[in-house]
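**Q** If you scroll down you'll find the structure; I have some questions about it.
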Amino acid sequence: MGDKDNTVMLYSSQSEVVVSILERDGICFSKQQYVVKKYEESAPIFVAAYSWFAMEAEEYLPKPEGAEYPYWAFRDLYSIEQSTNSRILQLCIPADEAIFFDMYDWNKILCLQYIGETKADEARFSQMLADYGIRNESDVILTNFYPDMKRQVQDSWKRLFRHHEKIKSGNTDGVGSVQAGLWQLKKEWIV
């Protein structure tokens, strides 16, 4: 990361359909309908998280026309879930074409959880939920019963991008595992 030519080497697991489109068209965009189809009964959780990401990430990198949702890429190959229906692509991407964050923070969003400034902050929030009798943190997001807490959780998600500039410049100190959101995939990026 942070090479002189300002490119980053990342890995991304993509379906054969995506690879075929890349080979045919040279560029590919992810759409909400693909996420819904992929995750089926779990789709509402992913749509909530991905839609939030798509809206907030534009502050760091505007979406090109045709993009709805991001593709995911990782600095480390071991961070990728391998699937029999996908291929691992090694990508050399201009650093300014990616939105960087800590994979563990993103996992909290996928679980519809609060991202604290610190572990103590997260413990305080969890205790507050327990004090209100809320056992499943995702209920705060998936129902309309807790509007104030829902706003607190969604506001906390903005911390996802707290490491973006630092990672983009090549500094990964304090970041668990680097993940990137890409608005598009380009054939020319495949190594």
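**Q** Cα to Cα, under 19 Å, and not fewer than 8 places away if on the same chain: which aspartates and glutamates meet these conditions relative to residue 37?
**A** Within the straight-line cut-off, residue 37 pairs with 16, 68, 81.
**Q** 222 nm [θ] for the chain, helices only, -39500 (n - 2.57) per DSSP H run of 4+, per residue, to 500?
**A** -11000 deg cm²/dmol
**Q** Sticking with this structure for a sec: Taking the Cα centre of the chain as origin, work out the dipole magnitude from +1 charges on Lys and Arg Cβ and -1 charges on Asp and Glu Cβ, in debye rounded to 20.
**A** Charge dipole, the chain, about its Cα centre: 140 debye, nearest 20.
**Q** Mind checking the dipole of the stretch 86-191: about its Cα centre, +1 per Lys or Arg Cβ, -1 per Asp or Glu Cβ, Debye to the nearest 20?
**A** Roughly 260 debye, rounded to the nearest 20.
**Q** Residue by residue through the stretch 178-190, what is 3J(HN,Hα) from phi via Karplus (6.51 cos²θ - 1.76 cosθ + 1.60, θ = phi - 60°)? Round to whole Hz and write x for glycine and proline.
**A** 6, 10, 9, x, 10, 6, 7, 10, 10, 4, 5, 7, 6
**Q** Applying 1/(1 + (r/R0)^6) with R0 = 41 Å to the Cβ-Cβ distance of residue 188 and residue 41, what FRET efficiency is obtained, to the nearest 0.05?
**A** 0.65
**Q** Using the reciprocal of the averaged 1/r over all distinct C-alpha pairs, how large is the Kirkwood radius of the stretch 29-100 in Å?
**A** It is 13.8 Å.
**Q** I've got another one for you. Using 1/(1 + (r/R0)^6) with R0 = 25 angstrom and r between the beta carbons of residue 121 and residue 63, what's the FRET efficiency to the nearest 0.05?
**A** The value I calculate is 0.20.
**Q** Also, I was wondering about something else. Kirkwood Rh and Cα-based Rg: tell me the resulting Rg over Rh for the chain, rounded to two decimals.
**A** For the chain, the value is 0.98.
**Q** Which lysines, if any, have their Cα less than 23 Å from the Cα of residue 158, not counting same-chain residues under 8 positions apart?
**A** Those lysines meeting the cut-off are 31, 63, 108, 119, 150, 166, 168.
**Q** Give a residue-ordered list of calculated ³J(HN,Hα) values for the stretch 117-134 (Karplus: 6.51 cos²θ - 1.76 cosθ + 1.60, θ = phi - 60°; whole Hz; x for Gly, Pro).
**A** Karplus values, whole Hz, x for Gly and Pro: 5, 9, 4, 5, 4, 5, 5, 4, 5, 4, 5, 4, 4, 4, 4, 8, x, 8.
**Q** What's the center-to-center distance, using Cα atoms, between the stretch 79-99 and the stretch 111-179 in Å?
**A** Going from one Cα centre to the other spans 25 Å.
**Q** With each label point set 7 Å from Cα along the Cα-Cβ vector, what nm distance links residue 33 and residue 81?
**A** It works out to 2.4 nm between the two label points.
Every number here is computed from the coordinates shown, using simple stated rules; none is lab data. Just so it is clear, the structure is predicted and the values come from calculations on it, not from any experiment. Neighbour counts run over all protein chains shown; Cβ positions are idealised from the backbone, glycine included.
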